[in-house]
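Novice: I am attaching a structure below and will ask some questions about it afterwards.
The values are calculated or read from the model by the stated rules, or taken from the named source; none is laboratory data. Keep in mind that this is a model prediction, so the values were computed, not measured. Virtual Cβ from ideal backbone geometry, glycine too; neighbours counted across all protein chains shown.
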Amino acid sequence: MPLSIEPAQRWKKVLWDFSAVRFLTYLVLGVWVLAGDPFRLSSSSDNALSEAYHNFQVRLDGVSPPPLTVVTIDNEDIRLAHAEDFFASDDWPLDYVDHSALLPWLLGPEDQPATAIFYDIFFEKPRSSSGDLGTLGTRLSEIADYPDLPVIYLAGGGDYMPISPASRQALDGASLSPSAWSEQGDYYPLAAPLKDGEEPISTPAARMYQLLCQASSDACPYLAPTSPPISVRWGLRNGPACVPERIFERSGLIVERVYTAVLQGLFDIKPPPPPDRICFPIRTLKLRHLRANGPEALVPPDVAPGEPYGVMLGVSIPSAGDFHPTPVFEPLPGVHFHAMAFENLWHQRDNYLRLHDFTKLSFGIWGMAVVGFMWQARRRHENENHTGLKTAMLWWFAIAGAVVLLQLVFHHLLHIVPEGWMSLAAILPLLREVVLRNEAAYQHKTHKQ
């Protein structure tokens, strides 16, 4: 056995003397870390860096509210509506007659009705305990018969969670929009199938954008369903507690945020609290406030008479399981995800931040970085007097500067979010240390020989 091991070890030593072999080893290691995601190292680093950059970026510039109102239903809304005999139900889920009673309240005032309504409630299968789903289908058909009333479309599930044929039949051909999709992560596609094998159709945000563009006097660029998914930017509205208008106050908040983030990374202190809900840049109403103020409350304050606006309704009940994590706010009801995607489309049009797969390019950049790190290790060995803190800090600042510069180019010039780039930026310092330490050990061993 020792006779078979010794030649193998000898060959390893011989091969390791070749720079090309060491280069390929480091290259494969980096590709494995980036693509294989061992111990979720790459994805966790990507998420952490993306969240930190997102929180910094949204504080640079505030977001003006789009022509949209989000209506939410919580347990308190249901309890009050039941006490006033508006709802038959006193808990979630609502009976179908309650949904039928709620729909007319979402149409808006008679003199300025909404243009489109997304009803973010998923009727996956008819529930006998909730009554006859056909009553809701009848109400939707009655509203659709009037061309002056808003277009209403419901959450239709998606490829891995399709709506049942029984529900489709009971809803009497109601308009559906895919509200769930696979293989997109936190990105928001412009189109997705209602079930596996079907042709993709517009998602709620994309459809709301299309309908409001058709009703608007502004010229909106056409967004093809095959366009890349949206990397949703969770912005903050302008305001003293959100994004101050004065540049000095805004700069102070940004510096404070960066300082706190650095302390959090160094000493594992508690992260800063998320912004208050009042900073959410889209008009939001609870159902009880809508009923107290009437349908006129649906019209956003910035919408002039005759201008189009949309309405989205969703559930804000934890037991419903429809809360979406965000990089800026605390987890929000899923309808806010659709609303923010619409806000991104409405304000940025065809310049929205879109997903672009840069994984292969990241591999190439890693290959060039390996060459640089191997050269740096050789320089360290040849000039031992110059390998101090200054050199290390210079490399750290060079990496950080390159990351920030490229991120600005990607976001503000190319309007893309490169998939795989953040992983490389987050993992690069760790991989650099791996290369430098191995090269230093090799150089030291070679020098002794």
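Novice: Is it the case that some residue within segment 148-155 is free of Cβ contacts under 8 Å to residues at least 12 places away in the same chain and not hydroxyl-bearing (Ser, Thr, Tyr)? If you could, list the steps in order and put the result at the bottom.
Specialist: Step one: list which residues in segment 148-155 are free of Cβ contacts under 8 Å to residues at least 12 places away in the same chain, which gives none.
Within segment 148-155, none of the residues are free of Cβ contacts under 8 Å to residues at least 12 places away in the same chain and not hydroxyl-bearing (Ser, Thr, Tyr).
Novice: Condition check: of a type in the set (Gly, Ala, Ser) and at pLDDT 85 or above. Does residue 89 satisfy that? Before the answer, list the steps.
Specialist: Numbers: of a type in the set (Gly, Ala, Ser): yes; at pLDDT 85 or above: yes.
It is true that residue 89 is of a type in the set (Gly, Ala, Ser) and at pLDDT 85 or above.
Novice: Same structure again: Looking at segment 290-311, is at least one residue touching a Gly at 6+ places or on another chain (Cβ under 6 Å), assigned to a helix (DSSP H, G or I) and touching a residue at least 60 places away in the same chain (Cβ under 8 Å)? Give the derivation first.
Specialist: Restricting attention to segment 290-311, the residues satisfying the condition of being touching a Gly at 6+ places or on another chain (Cβ under 6 Å) are 295, 298.
Filter again for assigned to a helix (DSSP H, G or I), leaving 295, 298.
Within this subset, residues satisfying the condition of being touching a residue at least 60 places away in the same chain (Cβ under 8 Å) are 295, 298.
Scanning segment 290-311, I find at least one residue that is touching a Gly at 6+ places or on another chain (Cβ under 6 Å), assigned to a helix (DSSP H, G or I) and touching a residue at least 60 places away in the same chain (Cβ under 8 Å), so the answer is yes.
Novice: Being over 28 Å from the mean Cα position of the chain (by Cα), surrounded by fewer than 19 Cβ atoms within 10 Å (Cβ to Cβ) and under 20 Å from residue 286 (Cα atoms) is true for just one of 111, 90, 74. Which residue is that? Steps first, answer last, please.
Specialist: Details: 111 fails: under 20 Å from residue 286 (Cα atoms); 74 fails: over 28 Å from the mean Cα position of the chain (by Cα).
Just a single option satisfies the conditions, and that option is 90.
Novice: So, residue 292, is that one of a type outside the set (Ser, Thr, Tyr) and in the same structural domain as residue 214 (by TED's automatic domain parsing) or not?
Specialist: Details: of a type outside the set (Ser, Thr, Tyr): yes; in the same structural domain as residue 214 (by TED's automatic domain parsing): yes.
When the stated conditions are applied, residue 292 passes them.
Novice: Another question, then. Within the set of pairs 6+ apart or on separate chains, which have a first residue in segment 78-106 that is touching a residue at least 12 places away in the same chain (Cβ under 8 Å), a second that is basic (Lys, Arg) and buried (at least 20 other Cβ atoms within 10 Å of the Cβ), and C-beta atoms under 7 Å apart?
Specialist: Hits for this filter: 100/139; 103/139.
Novice: Of all residues in segment 321-349, how many are in a helix (DSSP H, G or I) and within 12 Å of residue 120 (Cα to Cα)? I'd like the intermediate steps shown before the answer.
Specialist: Within segment 321-349, the subset in a helix (DSSP H, G or I) is 334-349.
Applying the additional criterion that residues be within 12 Å of residue 120 (Cα to Cα) yields 334-339.
Residues flagged as in a helix (DSSP H, G or I) and within 12 Å of residue 120 (Cα to Cα) within segment 321-349 amount to 6.
Novice: While we're on this one: Evaluate the following for residue 257: is it part of a helix (DSSP H, G or I), at pLDDT below 85, more than 23 Å from the chain's Cα centre (by Cα) and of a type in the set (Lys, Arg)?
Specialist: On the way: part of a helix (DSSP H, G or I): yes; at pLDDT below 85: yes; more than 23 Å from the chain's Cα centre (by Cα): no; of a type in the set (Lys, Arg): yes.
For residue 257, the condition - part of a helix (DSSP H, G or I), at pLDDT below 85, more than 23 Å from the chain's Cα centre (by Cα) and of a type in the set (Lys, Arg) - is not met.
Novice: Mind checking which residues of segment 396-418 are not aliphatic (A, V, I, L, M) and not in a helix (DSSP H, G or I)? Please lay out each step first, then the result.
Specialist: In the first step, residues of segment 396-418 are kept if they are not aliphatic (A, V, I, L, M); the result is 396-397, 401, 407, 410-412, 415, 418.
415, 418, listed by residue number.
Novice: Here's a follow-up. Return the total of residues in segment 300-336 being touching a Pro at 6+ places or on another chain (Cβ under 7 Å), closer than 20 Å to residue 277 by Cα and not acidic (Asp, Glu). Full working, then the answer.
Specialist: Within segment 300-336, the first condition is being touching a Pro at 6+ places or on another chain (Cβ under 7 Å), and the residues that meet it are 300, 302-303, 307-310, 314-316, 322-325, 328-331.
Adding the requirement that they be closer than 20 Å to residue 277 by Cα leaves 300, 302, 314-316, 322-325, 328-331.
Those left that are additionally not acidic (Asp, Glu): 300, 314-316, 323-325, 328-329, 331.
Total meeting the criteria: 10.
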